[in-house]
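All remarks here apply to the structure that follows.
What follows draws every value from the coordinates through simple rules; no lab data is involved. All figures in this text were calculated on a predicted structure; none of them were measured in a lab. Backbone-built Cβ (ideal geometry, glycine too); neighbour counts: all protein chains shown.
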Amino acid sequence: MSLHIEAKQGEIAETVLLPGDPLRAKWIAETFLEKSNCYNDIRGMYGFTGSYKGKKVSIQGTGMGIPSAMIYCHELIKEYNVKNLIRIGSAGAFQPDLKLLDLVFAMSASTNSSFNTGPFNGADFAPTASFKLLMKAVEYANINDIGFTAGNVLTSDVFYDDDPDYYKKWASYGVLCAEMETAAVYTLAAKFGVNALSLLTISDSLVDKKEISSQMREKKLTQMVEIALNIS
């Protein structure tokens, strides 16, 4: 048992899917897993373990933002020996060719956060996906004719930016979309020598201002979940 996760040793699988929304974790467990068991509900941050195609897999909500994601990832790795972290989340598109419900595989994560400047004495560490997990996701998507875009994403500390055009500089450098946790997940995975990959679904666009509903964010992002489960 850790400070924020009440699971006993052995109750969490080596591979954990990480939705930000704990209700999405609950929906995935109820929809996709066999014999799922809720091992955590501290602070309402649900965690479940079950079986998918005969393989043990866990799903743990992380909450929104870098600090919350780092708490859960740190405890999963250090206290429960998790080896593979697969973030499954929503993102806001920066590029005009990214449409609602399109998939993005995050090869790397830029950030406007300063959480890495202390440990690296002001230098810029580049949080990067695990090549092993990335290639598994690419192979599965190609075999199953699932479209995706792979590249750099922005992990932002700010959801409501005062400048509505802030994204344009990032977009001009090829950054695909914004979300709030990937850089943290990739940094901790690198620090502790485990694997990490972030799979994102476009839920809104800063370009054309379109967005999906909150209900769709919680329960309709099935292709992303399918890929995550099949590479776990």
task = Inspect all residues belonging to the range 43-55 and state whether any of them is free of Cβ contacts under 8 Å to residues at least 40 places away in the same chain, within 18 Å of the chain's Cα centre (by Cα) and under 27 Å from residue 211 (Cα atoms).
result = yes
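Tally up the residues in the range 3-30 that are of a type outside the set (Phe, Trp, Tyr), under 15 Å from residue 61 (Cβ atoms) and not in a strand (DSSP E or B), please. Before you say what the answer is, go through the steps one by one.
Taking the range 3-30 as the starting set, the residues that turn out to be of a type outside the set (Phe, Trp, Tyr) are 3-26, 28-30.
Now restrict to residues that are under 15 Å from residue 61 (Cβ atoms): 4-7, 12, 16-26, 28-30.
Still in the running and not in a strand (DSSP E or B): 4-7, 12, 19-26, 28-30.
So the answer is 16.
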Extreme residue, surrounded by the most Cβ atoms within 10 Å (Cβ to Cβ), among residues of the range 159-184 that are farther than 13 Å from residue 91 by Cα and of a type in the set (A, V, I, L, M) = 183
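Could you tell me which of the residues 114, 90, 51, 58 is assigned to a strand (DSSP E or B), polar (S, T, N, Q) and surrounded by fewer than 21 Cβ atoms within 10 Å (Cβ to Cβ)?
Values: 114 fails: assigned to a strand (DSSP E or B); 90 fails: surrounded by fewer than 21 Cβ atoms within 10 Å (Cβ to Cβ); 58 fails: surrounded by fewer than 21 Cβ atoms within 10 Å (Cβ to Cβ).
Every option except 51 fails the conditions.
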key: Every pair of residues 6+ apart whose Cβ atoms lie under 6 Å, when the first sits in the range 9-20 and is of a type in the set (D, E, K, R) while the second is assigned to a strand (DSSP E or B)   = 11/39; 11/49
message = Here is a check on your reading of the model: is residue 151 surrounded by fewer than 18 Cβ atoms within 10 Å (Cβ to Cβ), part of a loop (DSSP other than H, G, I, E, B) and either touching a helix residue (DSSP H, G or I) at 6+ places or on another chain (Cβ under 9 Å) or not hydroxyl-bearing (Ser, Thr, Tyr) (or both)?
response = no
